[in-house]
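These notes are about the structure you will find just below.
The values are calculated or read from the model by the stated rules, or taken from the named source; none is laboratory data. Predicted model, so just to flag it, every value in this text is computed and none were measured. Here the Cβ positions follow ideal geometry from the backbone for every residue, glycine too, while neighbour counts run over all protein chains shown.
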Amino acid sequence: MKETKNLSEFKGKIYCLIDTDNQITGDDIKDGLNSLKIRRLSNKHYIDETDLVTLDNKEIFKTEIENALNPKIFKKVLHSMTNDKKYRIDDDIKVEQLKNTDFSASLENYKINHFFDENTGKNKVEFAEKYIAELKSLSNAQQYIPNWIKKIKKFYN
């Protein structure tokens, strides 16, 4: 039988990132180690910057990964994938001025979750791949990377 190592002997790093649901769960789970971080995405207000909060943080503003991306790239990729009017983000929403995609009282107005669920959920994967490709294609990509992603990257450096 193989011996299991104590967590304090673990050499790597683990970053657990979860959405914030309408109800808090897991608030008794703590990081415990410098090599382990557990955080929830949080958009405390509709157009404020996305933050990473600990699980014991009582703020429960529902935030999914789709609500925490750069809005300009999000809109461009979404519009490149579909011409369906129910998924088109209005031009009067000035996405260049926003820090995340939790705009217009949430993406629920645009039924984005329905779009991601279509094609047996493959739209979400394709969107993620195209989002990353679009970001990498930009000469000034750093300015479009949200601070919450920079914090995660810093953890690994």
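With respect to the conditions (1) at negative phi; (2) modelled with pLDDT of 85 or more, Asn119 falls short on a single one, namely (1).
Selection of the range 93-116 for residues being touching a Ser or Thr at 6+ places or on another chain (Cβ under 9 Å) and modelled with pLDDT of 80 or more yields only Phe115.
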